[in-house]
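Take a look at the structure set out below.
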Amino acid sequence: MHSPCSLNVDIEWQTLKSTLQQAANEALGKRKKRRHKRRLIVWNEDIKNLIEHKKKAYLRYLTTRSETDKLECKRLVAIVKKETIKIKRQY
């Protein structure tokens, strides 16, 4: 359980925290959070397989940190990007 002293400290902390937040909001304003996620509109098995291969290559690179795995990962990223652009243009 809380002692009277710790309750007093908690109350003081909450007061200080809310006062600082209020002053910061008044002086600086608030920013809106961006909640926009980029998603692929068209999803098919080819894209799914390419992305799975890309993820596996990336995980392999993270474990080995070898230059060949890094190049393979970059190659697959470029392929996935090229294929998604191609599919987007078709629709």
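Here L59 clears all of (1) over 21 Å from the mean Cα position of the chain (by Cα); (2) hydrophobic (A, V, I, L, M, F, W, C); (3) surrounded by 11 or more Cβ atoms within 10 Å (Cβ to Cβ) except the condition numbered (1). Among the residues of the range 70-91, the ones that are over 21 Å from the mean Cα position of the chain (by Cα) and closer than 20 Å to L59 by Cβ come to 5 in all.
Laboratory data are not the source of any read-out in this text; all were calculated from the coordinates shown. These figures come from a predicted structure and were not determined experimentally. Glycine gets a Cβ as well: all are built from the backbone with ideal geometry, and neighbour counts include every protein chain shown.
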